[in-house]
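Student: Just passing along the structure, written as structure tokens.
Each value in this text was obtained by applying a stated rule to the coordinates, not by laboratory testing. These numbers come from a predicted model, not from an experiment. Cβ coordinates were reconstructed from backbone atoms using ideal geometry, including for glycine residues, and neighbour counts include every protein chain displayed.
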Amino acid sequence: MNVCARLFASTLGVALCLGAAAYPGCAQVEEKQHVVTLEELNQQAAQPAENRQVDENAIRHLLTSDEGQKALKSANVDYQRVDKAIGQLSDDEVAKLADRSRQAESDFAAGFISAKTLAYLIIAIVIIVVIVVLV
């Protein structure tokens, strides 16, 4: 009798497991799982490159401005060499310099800093670029 009770319990357990697997509520759980589309993956993969390009453009915008060109000329620095060095910076370095460039342009446009101070900031950014690339 003990063997029959064990066989019955095992059979009942297997039947319950199969029934639970076929239950429609379990299928709903699987449907709720989020699937990332290929387009979303491509967008996420492209985002760092797009961010870097935007940041590099912010630095270049400052350096190619009238004040930037004057500052580079007064320091006898060739823009092409600095531009080439910007491409060699890490993403973090580019992001930090882009933030500084945007802030300097914003402060100058708002009248918080003079053209002379802006020129000093531009030269400081150029020096940082050169030092980071050489080190």
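Student: Using the Karplus curve 6.51 cos²θ - 1.76 cosθ + 1.60 with θ = phi - 60°, what ³J(HN,Hα) values do you get for each residue of segment 97-108, in whole Hz, with x for Gly and Pro?
Tutor: So the J values, rounded to whole Hz, are 5, 5, 4, 5, 5, 4, 5, 5, 5, 5, 5, 5.
Student: How large is ³J(HN,Hα) for each residue in segment 49-64, as worked out from phi by the Karplus curve 6.51 cos²θ - 1.76 cosθ + 1.60 (θ = phi - 60°), to whole Hz, x for Gly and Pro?
Tutor: 5, 5, 4, 4, 4, 4, 5, 4, 5, 5, 5, 5, 4, 5, 5, 8
Student: Further, regarding this structure: Check which residues have an amide H placed less than 5 Å from Ile113's amide H, if you skip close sequence neighbours.
Tutor: The answer is Phe108.
Student: Given a Förster distance of 22 angstrom, what is the FRET efficiency for His61 paired with Ile131, based on the Cβ-Cβ distance and rounded to 0.05?
Tutor: 0.55
Student: With labels modelled as points extended 7 Å from the Cα through the Cβ direction, what inter-label distance (nm, one decimal) is found for Tyr79 paired with Ala115?
Tutor: Label-label distance for Tyr79 and Ala115, simple model: 1.7 nm.
Student: Count charges around Asp55 for me, please; just the other residues with Cβ under 15 Å from its Cβ, Lys/Arg as +1, Asp/Glu as -1.
Tutor: Net charge in that neighbourhood comes out at -3.
Student: Using the Cα gyration tensor of segment 31-135, with a ≥ b ≥ c the square roots of its eigenvalues, what is the shape: rounded (a/c below 1.5), prolate (a/b larger than b/c) or oblate (neither)?
Tutor: Verdict is prolate for segment 31-135.
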